[in-house]
1. Roughly to the nearest percent, how much of the accessible area of the chain is carbon and sulfur, given a 1.4 Å probe?
2. Convert each backbone phi in segment 56-63 into a coupling constant with the Karplus relation 6.51 cos²θ - 1.76 cosθ + 1.60 (shift: θ = phi - 60°), then list the ³J(HN,Hα) values in order as whole Hz, x for Gly and Pro.
3. Quickly work out the residue 18-to-residue 109 label distance, labels modelled 7 Å from Cα along the C-beta direction, and quote it in nm with one decimal.
4. Rank-order 58-64, 85-91 by packing density, defined as the average count of other C-beta atoms within 10 Å over each peptide's residues, highest first.
5. May I ask you to give the solvent-accessible area per residue for the chain, in square angstrom, as obtained with a 1.4 angstrom probe?
6. Place the peptides 95-102, 25-32 in order of packing, highest mean first, counting for every residue the other Cβ atoms within 10 Å and averaging per peptide.
7. Once label points are set 7 Å from the Cα along Cα→Cβ at both residue 98 and residue 29, what is their separation, rounded to one decimal in nm?
8. What distance in nm lies between label points placed 7 Å from Cα along the C-beta direction at residue 69 and residue 57?
Amino acid sequence: VQLQASGGGLVQAGGSRRLSCAASGLTFSSYVMAWFRQAPGKEREFVASIFQIGSESYADSVQGRFTISRDNAKNMVYLQMNSLNPEDTAVYYCAARKALAGDYDFWGQGTQVTVSS
């Protein structure tokens with residue numbers, strides 16, 4: 001299984017960015033997909049998840065600003081990030097989980113998002 005995240009970069013505060021994650025080697029439509037992030041000196045934290053049927057969940061810190069989506073035909077999951085602020089600076093990881101709850105089974109390599117003030 002491979003999860004390849006992309007789309008990171010440098011963005012100004014208030015700007016937007018879309019991250020993509022390409023999945024291979026798994027039955028994509030059967031997996032819960034999620035985004036996590038890890039800022040320097042901090043633990044990795046949950047950002048958003050999308051279930052097999054499309055229902056979404058968000059961390060309070062990104063609710064209303066970020067949108068997770070998936071394209072089962074393309075084995076892709078996306079994270080649209082709007083109204084970015086410097087506190088969103090982190091390495092963003094995509095993850096996949098077969099079960100409806102519990103630990104994630106697979107992780108991507110991460111993509112860096114840096115928000116300048």
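The values are calculated or read from the model by the stated rules, or taken from the named source; none is laboratory data. Values in this document were obtained by computation on a predicted structure and should not be read as measured data. Counting neighbours? That spans all protein chains shown, and the Cβs are built from the backbone with ideal geometry, glycine included. With ligands, DNA and RNA removed, areas are computed over all heavy atoms of the protein, side chains included. Shrake-Rupley method; radii C 1.70, N 1.55, O 1.52, S 1.80 Å.
1. Values: 2720 of 5900 Å².
The C+S portion of the solvent-accessible surface of the chain is 46 percent.
2. Result, rounded to whole Hz: 10, 9, 9, 5, 4, 5, 10, 3.
3. With each label point 7 Å from Cα toward Cβ, the separation is 2.3 nm.
4. Details: 58-64: 13.4, 85-91: 16.6.
Per-residue mean Cβ counts within 10 Å order the peptides as 85-91, 58-64.
5. Here the residues of the chain average 50 Å² of exposed surface.
6. On the way: 95-102: 13.6, 25-32: 15.6.
Answer by packing, highest mean first, reads 25-32, 95-102.
7. For the pair residue 98/residue 29, the computed spacing is 1.8 nm.
8. Taking the two extended label points, one gets 2.2 nm.
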